[in-house]
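The values are calculated or read from the model by the stated rules, or taken from the named source; none is laboratory data. Everything quoted here is computed from the prediction, not taken from an experiment. When we count neighbours, we look across all protein chains shown, and the Cβ atoms used for this are built from the backbone with ideal geometry, even at glycine.
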Amino acid sequence: MRTRHAAQAFLLCTTLSWGMAAQAQTTPHDPTGRCSQAIVQQLAQHFGLKHFGLKHFAYPADGMYPSAENGGLIVAGVCKAWPADPSKTLAAFAYDAGTEYEKQLLLAVIDPPGRITASYKGVIPENAASEVSASSLSLDTARYQLSGTVRAFGVRLQTFRDRCTYEGGFDDELTLFVIAGKTLRPVLTETMRHWTYGSGNRCGGEEAPRTETNIVISVAPTASHGFADLRLTAHRSDKKKPLSATVSYDGERYELKHWKRAFQAWME
């Protein structure tokens, strides 16, 4: 009798263990936004990263710099459920493809069975003032409802490397993407945070007054070429009157030329 009960208990524990293991394999991301290994491998195969031996398209060991020796070339990687359809997962990766002063950017929309339905591959440039790190990449799933059937999502990049010799800086680049068949298409790119420093020797340890400027985007009730117009509003910490402007879709992207001209004048 005891033998039978022991066997039943062993079978139950084994079944639960298998179930938990299967769930771990299919869960798209953990609470921190780190993508599952299944999604990592899926994107590697989808984008044909065979020259990395696939295994090198992976997160490096915790706290280690991305390299093949440290376990992986992924610099930053995040996954998030998409509120427009919570069954879908958005995935974004920045990885070191071996080219100096740039990182590769991979984006994908993934259906519940694990099928990539739309994707994008691009480049993140770097220079003396910018560098991609583990915390540089985030997904913005605010309600960017551009039409009755199209909702955009955002990819934000924070790569600025501040130095005491700089008189200011800018960071938090937002790019809005829409699904266009099997691809993800960027329709707007704007830098959302700017700042300037007042007088003071920052390199000597002195505090210098800092003026912050933040830009927010809202969906306007009007539309152009099938997509809603967007309202951009800039707020400054020195209480200067906010700057607002409406930008329209031209059939390919949102036209920002007039906004940028007005913003530059407002910042001076």
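Inspect all residues belonging to the range 202-210 and state whether any of them is among the hydrophobic types (A, V, I, L, M, F, W, C), over 28 Å from Lys121 (Cβ atoms) and in a loop (DSSP other than H, G, I, E, B). Taking every residue of the range 202-210 in turn, at least one turns out to be among the hydrophobic types (A, V, I, L, M, F, W, C), over 28 Å from Lys121 (Cβ atoms) and in a loop (DSSP other than H, G, I, E, B). Selection of the range 244-268 for residues being in a helix (DSSP H, G or I) and basic (Lys, Arg) yields Lys257, Lys260, Arg261.
Which members of the range 136-180 meet the condition of being assigned to a loop (DSSP other than H, G, I, E, B), in contact with a strand residue (DSSP E or B) (Cβ under 7 Å, 6 or more places away or on another chain) and surrounded by fewer than 19 Cβ atoms within 10 Å (Cβ to Cβ)? Don't jump to the end; show me each part of the working.
Quick first cut of the range 136-180, residues assigned to a loop (DSSP other than H, G, I, E, B) only: 136, 146-150, 158-159, 161-167.
Right, trim to in contact with a strand residue (DSSP E or B) (Cβ under 7 Å, 6 or more places away or on another chain) and you get 136, 146-147, 150, 158-159, 161-162, 167.
Those that are assigned to a loop (DSSP other than H, G, I, E, B), in contact with a strand residue (DSSP E or B) (Cβ under 7 Å, 6 or more places away or on another chain) and surrounded by fewer than 19 Cβ atoms within 10 Å (Cβ to Cβ): Ser147, Val150, Gln158, Arg161, Asp162, Glu167.
For Ala61, the stated conditions hold: it is in a loop (DSSP other than H, G, I, E, B), small (Gly, Ala, Ser) and either out of contact with any Ser or Thr (no Cβ under 9 Å at 6 or more places or on another chain) or at pLDDT below 90 (or both).
What residue, among those in the range 236-260 that are of a type in the set (D, E, K, R) and either touching a residue at least 24 places away in the same chain (Cβ under 8 Å) or surrounded by 11 or more Cβ atoms within 10 Å (Cβ to Cβ) (or both), is nearest to Ala180 (Cα to Cα)? I'd like the intermediate steps shown before the answer.
Step one: of the range 236-260, the residues of a type in the set (D, E, K, R) are 236, 238-241, 250, 252-253, 255, 257, 260.
Subsequent filtering for residues that are either touching a residue at least 24 places away in the same chain (Cβ under 8 Å) or surrounded by 11 or more Cβ atoms within 10 Å (Cβ to Cβ) (or both) retains 236, 238, 240, 250, 252-253, 255, 260.
Details: Arg236: 36, Asp238: 41, Lys240: 40, Asp250: 16, Glu252: 11, Arg253: 13, Glu255: 19, Lys260: 27 Å.
Top of the filtered list is Glu252.
Listed conditions (1) modelled with pLDDT of 95 or more; (2) out of contact with any helix residue (DSSP H, G or I) (no Cβ under 9 Å at 6 or more places or on another chain); (3) hydroxyl-bearing (Ser, Thr, Tyr) are all met by Thr213, apart from (2).
The residues of the range 66-89 that are surrounded by fewer than 20 Cβ atoms within 10 Å (Cβ to Cβ) and more than 24 Å from Ile179 (Cα to Cα), listed by number, are Ser67, Ala68, Glu69, Asn70, Gly71.
Mind checking which residues of the range 123-144 are of a type outside the set (A, V, I, L, M), over 17 Å from Ala81 (Cβ atoms) and in contact (Cβ under 8 Å) with a residue 40 or more places away in the chain? Working first, answer last.
Residues of the range 123-144 that are of a type outside the set (A, V, I, L, M), as a first pass: 125-127, 130-131, 133, 135-136, 138, 140-141, 143-144.
Retained after the next criterion (residues that are over 17 Å from Ala81 (Cβ atoms)): 125-127, 130-131, 133, 135-136.
Scanning the range 123-144 gives Ser133, Ser135, Ser136.
Can you tell me which residue in the range 86-100 is nearest to the chain's Cα centre (by Cα), limited to those that are under 16 Å from Leu73 (Cα atoms) and at pLDDT below 95? In this case the residue turns out to be Tyr95.
All conditions in (1) modelled with pLDDT of 95 or more; (2) surrounded by fewer than 17 Cβ atoms within 10 Å (Cβ to Cβ) hold for Glu207, with the sole exception of (1).
Quick one: which residue in Thr233, Thr222, Thr196, Thr191 is in a strand (DSSP E or B), in contact with a helix residue (DSSP H, G or I) (Cβ under 9 Å, 6 or more places away or on another chain) and not aromatic (Phe, Trp, Tyr)?
Details: Thr233 fails: in contact with a helix residue (DSSP H, G or I) (Cβ under 9 Å, 6 or more places away or on another chain); Thr222 fails: in contact with a helix residue (DSSP H, G or I) (Cβ under 9 Å, 6 or more places away or on another chain); Thr191 fails: in contact with a helix residue (DSSP H, G or I) (Cβ under 9 Å, 6 or more places away or on another chain).
Only one candidate qualifies: Thr196.
Given the criteria in contact with a His (Cβ under 9 Å, 6 or more places away or on another chain) and buried (at least 16 other Cβ atoms within 10 Å of the Cβ), does Leu232 qualify? So Leu232 does not fit the description; no.
Inspect the range 20-33 for any residue being in contact with a Gly (Cβ under 6 Å, 6 or more places away or on another chain) and at pLDDT 80 or above and give the result as yes or no. Checked against the condition, which is being in contact with a Gly (Cβ under 6 Å, 6 or more places away or on another chain) and at pLDDT 80 or above, the range 20-33 yields no hits at all. Residue pairs whose Cβ atoms lie under 7 Å apart, sitting 6 or more positions apart in sequence or on different chains, and linking a residue in the range 27-54 that is under 15 Å from Val109 (Cα atoms) and aromatic (Phe, Trp, Tyr) to a partner that is at pLDDT 65 or above and surrounded by 13 or more Cβ atoms within 10 Å (Cβ to Cβ), are Phe47/Leu106; Phe47/Lys121.
Criterion first (assigned to a strand (DSSP E or B) and buried (at least 21 other Cβ atoms within 10 Å of the Cβ)) does Ala92 satisfy it?
yes
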